[in-house]
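The values are calculated or read from the model by the stated rules, or taken from the named source; none is laboratory data. The structure presented is a predicted model; accordingly, all values stated were derived computationally and were not measured. Note: ideal-geometry Cβ built from the backbone for every residue, glycine included; neighbour counts use all protein chains shown.
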Amino acid sequence: MRGTPGTSSDGVLAMLLALVDQLRRAGVAVSMVEVIDATAALGHVELVDRPVLRAGLAGTLVKRPEDLPLFQLAFDRCFPLTPPDERATTRQPADETGDGPASSVPDLLPVEPSTELLGALLAALRDDDSETLAAMAALAVDRHAGIGTVEGSERYFLYRVLRALDVANLLAAAMRAERAEHPGASALELRLRRDEHAARIDELRRLIAREVRRRLARLGDEAGVLAPIPHRLADLDVLRASTTDLRELRAAVRPLARKLASRVAQRRRRHHLGRLDMRRTMRHSLTTGGVPMDPAYRRRKLSKPNVVVLCDLSGSVAEFAQFTLALVHALDAELAGLRSFVFVDGVAEVTDLLDRADDVLEPRFLLTRAGVVMGDGHSDYGRVFDHFWTLHGERVVTPATTLIVAGDARTNYRPAGVEPFRRLSERARRTYWLNPEPRADWGSEDSAIDAFAPWCTAVFEVRTLRQLADAVVEIV
């Protein structure tokens, strides 16, 4: 049925007003004239045709291409697929005993994926089975998100599912299976299969994000509220970014780095003047009749910091590491010296790779450096800090060094290596830790950030480019 402004139901108009409110709260400028145009557009589209309805509202409410992702998210929440009456009566699936919902598992339990679920995911990836992938995404959200049992944002629940599934290592597992099944495959065939699997894993991420968003929208409707949506690209959580988002984030790093370099240089010039020297100022004022026309300052000598960066490349934090390294290396002119190291369960220097790179290097290029992966490919902070102290500690880290560690401090229940980290921190001038996890997750399960924090000058939560940029400016 084609709607008109006069015959559109109050429910549709209420959803439109909720959409406008969500967009405005996210920073998208929507004027009253555009709201009237959107209302008029409802009279010229089929309200039951979601793609057409979405296109009509986007054409009247959105003016900038960069605001389209925000519109898509707000539209899915305000115009959900499931009718309100069905969402109100939908219940969580019962657990195996039939005593309650499956999501009633306490949040304190470790989030570990089952072997069956991972096996089914790998099979669906290799078979390019879209329907099974969608079913697996819904099942993963059921088991690991904890929606309805704990409080959190969409990014928080998405991160829980992605971390539980170890999505970052699914590609490696799929390729191991391919090599085992096709031992005679050429390098080109393996590369083509790898690209196919990577595209399917990106689709899995989108399916999980859509399922989390759908369930939060249902939960919000039951509570009579709508969850906030994220603001723009600079406020997008790196850990939940899709392939398209990551491409846009990489493109945004260079302009952001130039702005950071300008801010740092301006701050350096401003502080270079130092404190006002009253004696010299009054002496100079004698030539102008006692008017202090030419103030004098006690000029201070500002030294550029010597920076050493240690970045965790394991799991989902690998995506965060590439932006940290890119931003820090873009500020090379404002630093006296810069050396970068990456680690998983081994550690290696990648300063030369980053210096030669014209763009942001993807984690897979950094992982090719010998020594980064020495064991099972899961992060081992204790081994890394001990190895780094033995090989580079006294030679690379000096009393003039600012040490930056970037990682989630997830030890996989292995020794944390607090003692070698303490030695590194005591030898360095200052030590900072950049953690891409939500602060609510710090110290939970295998997180050792609370053990490292006492030996750090500061610990920053850096889940977005904006937070990362602010932390880097404060450090440098």
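Quick check: is even one residue across segment 178-186 of a type in the set (Asp, Glu) and modelled with pLDDT of 75 or more?
Just the residues of segment 178-186 that are of a type in the set (Asp, Glu), to begin with: 178, 181.
Cutting the leftovers down to modelled with pLDDT of 75 or more gives us 178, 181.
Yes, some residue in segment 178-186 is of a type in the set (Asp, Glu) and modelled with pLDDT of 75 or more.
For segment 331-354, name all the residues that are at pLDDT 75 or above, assigned to a helix (DSSP H, G or I) and either closer than 19 Å to residue 462 by Cβ or out of contact with any Ser or Thr (no Cβ under 9 Å at 6 or more places or on another chain) (or both).
352, 354
State all residues of segment 278-292 that are of a type in the set (A, V, I, L, M, F, W, C) and in contact with a helix residue (DSSP H, G or I) (Cβ under 7 Å, 6 or more places away or on another chain); if no residue qualifies, say none.
291
Quick check: anything in segment 288-310 outside the structural domain of residue 384 (by TED's automatic domain parsing), farther than 21 Å from residue 474 by Cβ, modelled with pLDDT of 80 or more and in a helix (DSSP H, G or I)?
Taking every residue of segment 288-310 in turn, at least one turns out to be outside the structural domain of residue 384 (by TED's automatic domain parsing), farther than 21 Å from residue 474 by Cβ, modelled with pLDDT of 80 or more and in a helix (DSSP H, G or I).
I'd like to verify a number: residues in segment 128-143 that are within 17 Å of residue 216 (Cβ to Cβ) and surrounded by fewer than 22 Cβ atoms within 10 Å (Cβ to Cβ), how many? First the steps, then the outcome.
So in segment 128-143, the residues within 17 Å of residue 216 (Cβ to Cβ) come out as 137-138, 140-143.
Next, from what is left, pick out any that are surrounded by fewer than 22 Cβ atoms within 10 Å (Cβ to Cβ): 138, 142-143.
Here the count works out to 3.
Touching a residue at least 60 places away in the same chain (Cβ under 8 Å) and within 29 Å of residue 258 (Cβ to Cβ): which single residue out of 472, 459 fits that description? Can you show your working first?
Numbers: 459 fails: touching a residue at least 60 places away in the same chain (Cβ under 8 Å).
Just one listed residue meets the conditions, 472.
Applying the selection to segment 321-357, what residues are of a type in the set (Lys, Arg) and crowded, with 23+ Cβ neighbours inside 10 Å? Break it down into steps so the answer makes sense when it comes.
In the first step, residues of segment 321-357 are kept if they are of a type in the set (Lys, Arg); the result is 339, 356.
Within segment 321-357, none qualify.
In segment 415-445, what residues are hydroxyl-bearing (Ser, Thr, Tyr) and part of a loop (DSSP other than H, G, I, E, B)? Explain how you work it out, then say what you get.
Taking segment 415-445 and keeping what is hydroxyl-bearing (Ser, Thr, Tyr), we get 425, 431-432, 444.
Hit for segment 415-445 is 444, nothing else.
Testing residue 384 on (1) assigned to a loop (DSSP other than H, G, I, E, B); (2) crowded, with 17+ Cβ neighbours inside 10 Å; (3) β-branched (Val, Ile, Thr), one condition comes back false. Which one is that?
(1)
For segment 437-461, enumerate the residues that are modelled with pLDDT of 90 or more and either aromatic (Phe, Trp, Tyr) or within 14 Å of the chain's Cα centre (by Cα) (or both).
442, 452, 455, 460, 461
Which one of the conditions (1) in contact (Cβ under 8 Å) with a residue 12 or more places away in the chain; (2) in a helix (DSSP H, G or I) does residue 467 fail to meet, given that it meets all the rest?
Unmet for residue 467, out of (1) in contact (Cβ under 8 Å) with a residue 12 or more places away in the chain; (2) in a helix (DSSP H, G or I): (1).
Could you list all residues from segment 176-196 that are surrounded by 14 or more Cβ atoms within 10 Å (Cβ to Cβ) and within 17 Å of residue 363 (Cα to Cα)?
194 - this is the single residue of segment 176-196 that is surrounded by 14 or more Cβ atoms within 10 Å (Cβ to Cβ) and within 17 Å of residue 363 (Cα to Cα).
Given the conditions (1) assigned to a loop (DSSP other than H, G, I, E, B); (2) touching a residue at least 60 places away in the same chain (Cβ under 8 Å); (3) not charged (D, E, K, R), which single one is not true for residue 402?
With (1) assigned to a loop (DSSP other than H, G, I, E, B); (2) touching a residue at least 60 places away in the same chain (Cβ under 8 Å); (3) not charged (D, E, K, R) applied to residue 402, the lone miss is (1).
Out of the helices (runs of 4 or more DSSP H) lying entirely within segment 7-65, which hold 2 or more residues that are small (Gly, Ala, Ser) and under 13 Å from residue 75 (Cα atoms)?
In segment 7-65, 10-25, 50-61 are the helices (runs of 4 or more DSSP H) which contain 2 or more residues that are small (Gly, Ala, Ser) and under 13 Å from residue 75 (Cα atoms).
Hey, could you check segment 14-65 for residues that are of a type in the set (S, T, N, Q) and within 28 Å of residue 234 (Cβ to Cβ) and say which is surrounded by the fewest Cβ atoms within 10 Å (Cβ to Cβ)?
My answer is 31.
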